[in-house]
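The values are calculated or read from the model by the stated rules, or taken from the named source; none is laboratory data. Quick caveat: nothing in here was measured; it's all calculated off a predicted structure. Please note: Cβ atoms are built from the backbone with ideal geometry, for glycine as well, and neighbour counts cover all protein chains shown.
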Amino acid sequence: MGKRILVIGGVAGGASAAARCRRLDENAEIIMFERGPVVSFSNCCLPYHISGLVEQEENLILMTPEKFKNQYKIEAQVNSNVISVDTDAKTVQVEDTITKEVRTEKYDALVISPGADAIVPPFKGIDKIDNFVLKTVPDVSKIMKFVAAKNPKHITVVGGGFIGLEAAENLREKGIAVTLIEGTNQIIPFVDREMSYFGQAEMVKNGIEIVLEDLVEGFDTRKVLLKSGREIETDGVILGIGVRPSTAFLKDSGVELTDRGYIVTDENYQTTAKDVYAAGDAILVRNQLTGNLMPLAMAGPANKQGRLIADRINGREIVNKGYIGTGVVKLFDMHLASTGLSEKMLKDSGIDYEVVYAAPPGIVGIMPGAHLVFSKLIFEKGSGRVLGAQFATTGASDKRADVIATAIKANMTVEDLYDLELSYAPPFGTGKDVVNKIGYIGSNLNEGAFKQVTFMEVYDLLKAGEQVIDVREVCEFESGRVKGTINIPMSEMRERLDELDKSRPVYVHCRTGERSYNMTLMLQANGFDVKNIAGSYEFIKMYEGVSCYNDETRENIMLGDCSVGCCRSIEVKM
């Protein structure tokens, strides 16, 4: 008789562990419990069923109990909710959610991957409005039935994380007006605030209203009531506020939990109980760069954890190097990707770091579909060790983030980045790829070749009357510029040095940063106290446009082509 392996949870972590256990041990008895009616579904694709991009609900279902039985000899029991675990007796109690019958099952090894539940605070008046969460196939089914039956004209989405963003985008794609409410000062929490502006601009351009730094106080009939006093008329609400680990059933089980309900595991994913392992959204993982524990609710890591647990159960040595967190989100035509540490994460880390901002072309500029890749690279000062990166573009943000993720896992430096040999042909990239270019800039910064300020400082520099020089050509300057800047084109700069006040600092920008870098070095060589404006005009334009959207009292310092999607006068798609 082989081992009896019980698996709690049938999505990423649980299903991966079960399938790998079968591959390693044909004689094991493997039983998987899923509390819902569907086992092993594509939860990441749920929002795309709303818009119809994923047409049929059944396409969301990856495996059925029959497939698990026939293909893997795994017994997958749906509508089976594990209500308690006794690690001394090595048993679990399972409730049939339909008949309410409870049975006891014994195990030799137990894998716990229950996922996380959507947080639904006890809002006043929540029963007065149609409200939904989006975590399971039945959840999206309820939303689809509501849309079909009531033909809503407006839906409010609460929460600016993955679930809220993708729900908002897909509702809008279906022709429904959307207001998205986020309590903090930015959407897209896995990137830094200024990089989130690219996603915010794209959403506003496509007709989604964004409300930041305001909280839901309660609901009334067809109304959302905000703490600011504002009332939003709406036909329904989707709550994407956050999640909490689904671990209440583990109380008094012998499996240790943190104060927030996460399962405590060691580097082998073993819990504090013998022969009990845990994976997925319900555990904390160790950050490879800081050593700190963190939640990481992503399918990729959960799949890897499930596989490693199966190896461990079957006596194999495993290597857990930790995680860095790599993710990407599509918001209409804008794609934002992030990997490693953000500045938010680094603030209290004690790591001395430097930041590169650049907007290199993603493909050769004369090719159809040419675009810029708005890039942020973070590295450790001195060592040059790559710590993190964020990308926003209408092209391939994931491609660059994946290269940087590999670099971080390999402990590479900014010097290593510019030495990478990356694929090139005009439709796919440039001779020096985006990753190479930000590596060059990082290396130059690390060597002290030049000094910089960021595009976020331009507003205050101009208010202080500083010399801010735009080195783009005259035609570019006239089509769109920053108020108060002086236009001295790169092609004329050497002949016009006498127009600059050498006794005062000089700040230089161009369109994307390349020309201004060259002029920064030239001015340095001529004895000027000069700083390059990292990110240059394209970053300034986006940052100021979104800043004016978020703060109506802020002066708009952009003239000309500031139609980046977030000036309040922008025409939105309706």
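Annotations for the structure displayed:
- Candidates E34, E29 - the one that is out of contact with any helix residue (DSSP H, G or I) (no Cβ under 9 Å at 6 or more places or on another chain), more than 16 Å from K142 (Cα to Cα) and crowded, with 16+ Cβ neighbours inside 10 Å: E29
- A count restricted to the range 347-399 and to residues that are of a type in the set (K, R) and closer than 18 Å to H335 by Cβ stands at 2.
- Scanning the range 170-202 for residues that are touching a helix residue (DSSP H, G or I) at 6+ places or on another chain (Cβ under 7 Å) and either assigned to a helix (DSSP H, G or I) or surrounded by fewer than 19 Cβ atoms within 10 Å (Cβ to Cβ) (or both) gives N170, L171, E173, K174, N185, E194, Y197, F198, Q200, A201.
- Residue in the range 329-341 that is within 30 Å of T413 (Cα to Cα), outside the structural domain of L110 (by TED's automatic domain parsing), crowded, with 22+ Cβ neighbours inside 10 Å and out of contact with any helix residue (DSSP H, G or I) (no Cβ under 8 Å at 6 or more places or on another chain) present: yes
- Top-ranked residue of the range 499-517 - restricted to ones that are closer than 17 Å to E473 by Cβ and out of contact with any helix residue (DSSP H, G or I) (no Cβ under 7 Å at 6 or more places or on another chain), ranked as surrounded by the fewest Cβ atoms within 10 Å (Cβ to Cβ): E499
- Output for the range 323-368, where each listed residue is modelled with pLDDT of 95 or more, on the phi > 0 side of the Ramachandran plot and outside any strand (DSSP E or B): G325, F332
- Which listed residue is under 19 Å from V11 (Cβ atoms) and assigned to a loop (DSSP other than H, G, I, E, B), from K142, K100, K135: K135
- Qualifying residue in the range 373-388 (condition: surrounded by 15 or more Cβ atoms within 10 Å (Cβ to Cβ), touching a residue at least 12 places away in the same chain (Cβ under 8 Å), more than 18 Å from G340 (Cβ to Cβ) and out of contact with any Ser or Thr (no Cβ under 6 Å at 6 or more places or on another chain)): no
- Among residues of the range 289-322, those that are assigned to a helix (DSSP H, G or I), closer than 30 Å to A392 by Cα and of a type in the set (A, V, I, L, M), counted: 2
- Enumeration of residues in the range 203-219 that are of a type outside the set (F, W, Y) and either at pLDDT below 95 or not in a loop (DSSP other than H, G, I, E, B) (or both): M203, V204, K205, I208, E209, I210, V211, L212, V216, E217, G218
- Within the range 396-418, not a single residue is in a loop (DSSP other than H, G, I, E, B), on the phi < 0 side of the Ramachandran plot and not aliphatic (A, V, I, L, M).
- Residues in the range 220-238 that are surrounded by 15 or more Cβ atoms within 10 Å (Cβ to Cβ), within 29 Å of the chain's Cα centre (by Cα) and either modelled with pLDDT under 95 or not hydroxyl-bearing (S, T, Y) (or both): V224, L225, L226, I232, D235, G236, V237, I238.
- In the range 239-295, residue surrounded by the fewest Cβ atoms within 10 Å (Cβ to Cβ) [restricted to those that are under 20 Å from A15 (Cβ atoms) and without any contact (Cβ under 8 Å) to a residue 40 or more places away in the chain]: V285
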